[in-house]
Amino acid sequence: MSVSPVVTIESVAWDDARAVALRSAMDEEMDARYASAWADWDPERARLAQTAFALDPADIRGTFLALVDGVAVGHAALRKLGEEWELKRVVTLASHRGRGISRALIAAVEGAALADGASRLILQTGDRQPDAVRLYEWLGYEPIPIYSPYELIPMSLCYARELAAPSR
């Protein structure tokens, strides 16, 4: 019988080297998943659309890492986007998927959002991430219209979930 590893969630700075490395790993995976999606686009239009993914670190309200045996294996962030609170950059290394790590990270982001006064959390994912879509829907996120800045990206899928304060 295998024992599930203990997962620790740690709040870190956006520029923490481990967080940067996990976001880079996510970028590589997404580049591979979406490479053919951009293939038929005019290069300038594709460049403009991809700017929607740029983040201003000043808008990040929390960055969280999931650690297993002291090693960072997952990442999620909370961004203030206008009047909304957005779940960003959720990734768990492929070697650690299916163990509840992303759920734990999302719970940490939701808790931080609630602590900052949020009543709803939004997110954007893509049509080539069925694993993420399944997770978000399982957690109670519901589809919403594509919101700015993602309207230029037709493969975007957007979701929202009303947050409830924990019962005492």
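Side notes on the structure shown:
- Ordering 109, 133 from the fewest to the most neighbouring beta carbons within 10 Å gives 133, 109.
- In terms of its C-alpha gyration tensor, the stretch 50-168 comes out rounded, because the ratio a/c of the largest to the smallest axis stays below 1.5.
- Cα long-axis angle, helix 17-38 against the chain (0 to 90 degrees, to the nearest 10): 40 degrees
- Ranked by the mean number of other Cβ atoms within 10 Å per residue, highest first, peptides 75-81, 64-70, 6-12 order as 75-81, 64-70, 6-12.
- The 3J(HN,Hα) values that the Karplus relation (6.51, -1.76, 1.60; θ = phi - 60°) gives for the stretch 40-56 are, in residue order, 8, 7, 4, x, 5, 5, 5, 4, 4, 4, 5, 5, 4, 7, 5, 10, 8 Hz. Gly and Pro appear as x.
- Each residue of the stretch 128-133 is assigned a 3J(HN,Hα), and the resulting list reads 9, 10, x, 5, 5, 4 Hz, derived from the Karplus form 6.51 cos²θ - 1.76 cosθ + 1.60 (θ = phi - 60°), x at Gly and Pro.
- Beta bridge orientation in the stretch 28-148: antiparallel %, DSSP, nearest 5: 90 percent
- Cα lying deepest toward the dipole's positive end in the chain, options 96, 50, 20, charges on Cβ: 96
Values quoted throughout were computed directly from the atomic coordinates according to the rules given, and no laboratory measurement underlies them. All figures in this text were calculated on a predicted structure; none of them were measured in a lab. Ideal geometry is used to build each Cβ from the backbone, glycine not excepted, and the neighbour counts take in all protein chains shown.
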